[in-house]
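What follows is a single structure, written as C-alpha cells, with notes after it.
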Amino acid sequence: MTTFTRRGFVQASAAGATFLTAPQVMAQTDFMEPARIRMGFAPYISAGPYYIAQAKGYFKKLNIEIVPTSHVDGSLSMPALAAGELDITGATLSAGLFNLMSKGAGLRLFFERGREAPGWGSNSIMVSNEMWEKGFRTVDGYKLAKGAKIGISSRGSVAHYLHTVGLERAGLKFEDADWNWGMSPQVSLPLMQQNRIDILNMPLPGAYAAQNRGVGKIATWSDEIAPDFVLACSVASEKFLRERHSAAVRFSMAIMQGNIDFMDAARTGNPEVLKIMAEGTGLTPEVINSTRQRWTYMTVDGLPNMPSILGQQKFWHEKTDLLQRMVPENQIFDDRAIREAKKRLDDKNPFI
C-alpha cells in the first residue's frame, strides 16, 4: 500500500517524482494562457475555499475563468463529469464515485477537498430525544443501536459509511440496525421529533438548527467515529489533467490559497471571509460564524490521506454489494497538479 506523508510529499516534489502512475502530461507553451474551467460544486460551507478564491480574484489573477454549476450533492455532478460536460467537480467518497472509476470512466482524484480531522468533523450524528435519554450521548452510544431506526437518504453515502463504522465500533453489525432508506431531512427530521426515527447523520449547519428546534440531540461527530477520514476530493477527467495541466495547476494554486484563508477564518472568525461564505451559501454571517469551530478541515496543499481513501474503497467492496471491482491503487489519485502548484506557491506566492 502506498502511504502518503507530508515529508514524503515535500521530498517527492523536490525530486520531481510522482507518487502514482498517471498519464503523460502534454507540453504547453504558455503556463498562463487563458483557461475556462467548467466546475461543479455543492453550495455548502465546505465549498468555502472556492467561494473565497472566486470573491478575492485568485482565479482571475491566474487567468482562469470558472464557469460554476451548483449541485445539491457533489455525487450528482459525477455523470456530467464522466460525460465531458464538466472539467472538475467536488465529490464525496461514495460507493458511486469508486464505481464510476472502476468501470473505466477515465476519472482521477487530484486534490483532497476536506477531511474530518479530530475536532473538525462537520457531520453530526443526531439521536432522538428518547435515544438521548437512554444514554446515546457519545460515539459509544452506538451500543444502544440494536434494533434502532436509522434514517438515511441513500446506500453508498457518507452517512451509510459512518453509521456502519459506528455500529462496528460498538460490537454490532450492519444488520443489527433498522435502516430506513430514501429519507431526506425533510422526512426524517419530523419523524425524529416524534421519536419514530432514532438516529441520523446531519451535516452543519442543519444539525445545530434541528437541535435548537428540539428535534433531537447531537450525540457525536464524524471525526469521533472515523478520525481523519477523507470526506471529499476534487475530481477531473484524465484527459483534462493530461491536456490542460497548467489549468489544473493554477486551479490548485487558487484553492490552496482559499484553503489558507478558510482555515484562518475557522480559527479567527474573519468577518470578510464570513461574509463571502454567507453570500455563497445563502446563510447569514451569524449562522456561518456559529459553525466555524466545526468546519471541515482543509489541508493547504491538497495532500490526500490515502489510507483513508483506500480504506473507504475497501469498505464498499468488502462490506457491501455496491462495488464489485476496486480501482487499482495507482489509478485513484493523480498528484502532479498539486505538486507543481505547491512548488510554485512556495517559490513565489502571487496572492500575497
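The values are calculated or read from the model by the stated rules, or taken from the named source; none is laboratory data. Keep in mind that what you see is a predicted model, and the values were worked out from it rather than measured. No Cβ is skipped: glycine too gets one built from the backbone with ideal geometry, and neighbour counts run over all protein chains shown. Calculation scope for accessible area: heavy atoms of the full protein, side chains included, ligands and nucleic acids excluded. Shrake-Rupley method; radii C 1.70, N 1.55, O 1.52, S 1.80 Å.
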Using a probe radius of 1.4 Å on heavy atoms only, what accessible surface per residue do you get for the chain? Whole Å² is fine. 42 Å²
Protection proxy ranking of 151-159, 244-252 - average other beta-carbon atoms within 10 Å, highest first: 244-252, 151-159
Using only helices, what value at 222 nm comes out for the chain when you add -39,500 (n - 2.57) per DSSP H run of length 4 or more and divide by the total residues, to the nearest 500 deg cm²/dmol? -12000 deg cm²/dmol
For the chain, taking Cα atoms only, what is the radius of gyration to one decimal and the Dmax to the nearest whole Å? 20.2, 66
Using only the Cα atoms of region 263-352, what do you get for the radius of gyration and for Dmax, in Å? 18.3, 49
With no solvent and one equal point scatterer per Cα, compute the Debye intensity ratio I(q)/I(0) for region 226-316 at 0.21, 0.22 Å⁻¹ and report its log10, rounded to two decimals. -1.10, -1.12
In whole Hz, with x marking every Gly and Pro, tabulate ³J(HN,Hα) for region 241-257 from phi via Karplus 6.51 cos²θ - 1.76 cosθ + 1.60, θ = phi - 60°. 5, 7, 8, 10, 4, 5, 5, 5, 5, 5, 4, 5, 4, 5, 5, 4, 5
Carbon plus sulfur fraction of accessible area for region 268-322, probe 1.4 Å, in percent: 51 percent
Using a 1.4 Å probe, how large is the accessible area of Asp228, given in Å² and rounded to the nearest 10? 50 Å²
Among Phe98, Leu86, Phe111, the residue whose Cα sits farthest towards the positive end of the charge dipole of region 70-116 (+1 at Cβ of Lys and Arg, -1 at Cβ of Asp and Glu, taken about the Cα centre) is Phe98
How do His317, His160 rank by accessible surface area computed with a 1.4 Å probe, from largest to smallest? His317, His160
Which of Pro271, Pro205, Pro118 moves the most in a Gaussian network model of the chain with Cα springs under 10 Å? Pro271
Between the Cα axis of helix 336-347 and the main Cα principal axis of the chain, the angle (0 to 90°, nearest 10) is 70 degrees
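Put Val165, Val127, Val187 in order of accessible area, largest first, 1.4 Å probe: what do you get?
Largest accessible area first, the residues go Val187, Val165, Val127.
With all protein chains present, how much of the accessible area of region 60-146 (probe radius 1.4 Å) comes from carbon and sulfur, to the nearest whole percent?
Values: 1760 of 3430 Å².
Percent of accessible area from carbon and sulfur atoms in region 60-146: 51.
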Of the cross-linked pairs Lys239/Lys343; Lys56/Lys348; Lys239/Lys348; Lys146/Lys217; Lys149/Lys319; Lys103/Lys146, which ones have a Cα-Cα span greater than 30 Å in the structure shown? Lys103/Lys146
Charges at C-beta only: +1 for Lys and Arg, -1 for Asp and Glu. How large is the resulting dipole of the chain about its Cα centre, in Debye rounded to 20? 160 debye
Simple spin-label model, 7 Å along Cα-to-Cβ: Lys103 to Gln211 in nm? 3.9 nm
What are the residues whose amide H is under 5 Å from the amide H of Leu231, where those residues sit 5 or more places off or on another chain and H is modelled from the backbone? Gly114, Arg115, Glu116
Can you give the accessible area of Met326, probe radius 1.4 Å, in Å² rounded to 10? 80 Å²
